[in-house]
1. What fraction of the DSSP beta bridges in the chain is antiparallel, stated in percent and rounded to the nearest 5?
2. What angle do you read, to the nearest 10 degrees and between 0 and 90, between the alpha-carbon axis of helix 31-42 and the longest principal axis of the chain?
3. At 0.36 nm per residue, and after removing the present C-alpha to C-alpha distance, how many nm does the segment from Glu110 to Glu318 gain when stretched out fully?
4. Please state the shape class of segment 256-305: rounded when a/c is under 1.5, otherwise prolate if a/b exceeds b/c and oblate if not, all from the C-alpha gyration tensor.
5. Got a number for carbon plus sulfur as a percent of segment 297-359's accessible area, 1.4 Å probe?
6. Please give the contour-minus-distance gain from Val339 to Asn187: 0.36 nm per residue of separation, less the Cα-Cα distance, rounded to one decimal in nm.
7. Pairing the Cα long axis of helix 166-175 with the longest principal axis of the chain, what angle in degrees results, from 0 to 90 and rounded to the nearest 10?
8. In Å², what does the accessible area per residue of the chain work out to with a 1.4 Å probe?
Amino acid sequence: MSITTASPSTPSPAAELPSGRSDLVIVGAGVVGLAHAFEAARRGLTVTVIERDWQPVGASVRNFGHCCITAQRGDLLELAYRSRAGWLEAAKSSGLWAKEAGALVVARSEAELAVLEELREERGADTVRLRTREEVAGELGRGADAGDIVGGAFLPDDLRVNPREAAPDLAAWLSIQPNVTVVWGTNVNGVEEGTVHTGRGPVHGDRILVCVGHDLDRLYPTAAEEHGIERCRLTMARVAAPDAFRTDAAILTATSMLRYDAFTAMPSGPRLREEVIGHSPELLDVVANVMFTRLPDGTVLVGDSHAYGRTAIPFEDEPTAQLLLDSAAKVLGTGGLQVKERWQGVYASSGSGPLLVRDMAPGVRAISVTSGIGMTLSFGLAAATFDESLAATA
Ligand SMILES: Cc1cc2nc3c(=O)[nH]c(=O)nc-3n(C[C@H](O)[C@H](O)[C@H](O)COP(=O)(O)OP(=O)(O)OC[C@H]3O[C@@H](n4cnc5c(N)ncnc54)[C@H](O)[C@@H]3O)c2cc1C
């Protein structure tokens, strides 16, 4: 089949249901649903994507746009590398911004540096490239003022996308493919074998994928409860960048290291945790991951904190937001950051495991990333889904 090449930047609103039956119906136009649509379209399947809103507004547009590859471990590491290849393929086809910009982990203590050195031992010097304090300060635009930085590591395999545009660009590109229909503004009320029930009528498909992120509990409350899915709320801001901060690498700090298995599994991982408990208990109280990424327009996304519950309450805690901004400003060696926007991110979280992939009825599968790494894994998950279905039909 032929793939139409174009690089539109906004989805064209259309709420017309397809008249016929599709090979695949996907519920949800976040990055997980769209990555599956992309992989299906590439394989020549007819695809219908149904999204309740008029553009992507879920977790997929509220995040850092950091495909956090190297910090994964085991099966997730393999899936993340697969996903990386998928993102680059999607970028080539659709024109969406994806940059092999890597990530820079800033170390400000000997324990942080020890974790990075141990990871380099495990993964090799090409994958974890140690940096001196001067190099890290230079990369951050701090010039000769390295402050309390002791060194760091550059992780070249990490990938950056623009979260504001990746899902909309992908959806817009998909919607002009001859074998794909994207239906906006259409809520799905229920799913059964072969049929998706929407507020506008039924949509039929041979296979159905339900990719609704944290809203899985709306359609499948029992499955969500069995997997222990909660909503994780995150505090985010977009700020003006200090002039000299130019890198597109994601910037990670000690609290970021505490969130990823690749770092915590290192021999110095426990020492790092004890150290952060000692000097920054307030960051652990809000389950912070102090990190930031630069958007192509030069502004910077800063976050984040994590608060868990079945309902995402709407109220944002200003001291938490300020703590995150002050912590990022300190890494950048600047007095303060000028906030341009604030928002709350929400994603699916579970103590039972990082993924929910479950068959709900014959030909109906639910897929939710329940660990806050859906940007990292989306295309890998999609590739795995289609590998499996090819194996099943072989
Ligand atoms: C602040 C923040 C920072 C993050 N940082 C990172 C990061 O740096 N790296 C990383 O890998 N991940 C990160 N994540 C996680 C990542 O954003 C998510 O895991 C990922 O976007 C989930 O994608 P999704 O498509 O499953 O969900 P979503 O993007 O939420 O999409 C689900 C879609 O389903 C639609 N939908 C829901 N119910 C229905 C229905 N009944 N009918 C029709 N449509 C429906 C919704 O409207 C929505 O568009 C972050 C998340 C947040 C919030």
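1. If we restrict to bridges inside the chain, about 70 percent are antiparallel.
2. Roughly 60 degrees between the two axes.
3. Full extension of this stretch gives 71.7 nm more.
4. Oblate, since a/c reaches 1.5 and b/c is not below a/b.
5. 52 percent
6. Numbers: separation 152, 0.36 × 152 = 54.72 nm, distance 3.40 nm.
Taking Val339 through Asn187 to full extension adds about 51.3 nm, to one decimal.
7. So the helix axis and the longest Cα principal axis differ by about 20 degrees.
8. For the chain, the per-residue accessible area is 40 Å².
The values are calculated or read from the model by the stated rules, or taken from the named source; none is laboratory data. Quick caveat, the model's predicted, so the values are computed rather than measured. For neighbour counting, all protein chains shown are included, and Cβ atoms are generated from backbone atoms with ideal geometry for every residue, glycine included. For accessibility, only protein heavy atoms count, side chains too; no ligands or nucleic acids. Shrake-Rupley method; radii C 1.70, N 1.55, O 1.52, S 1.80 Å.
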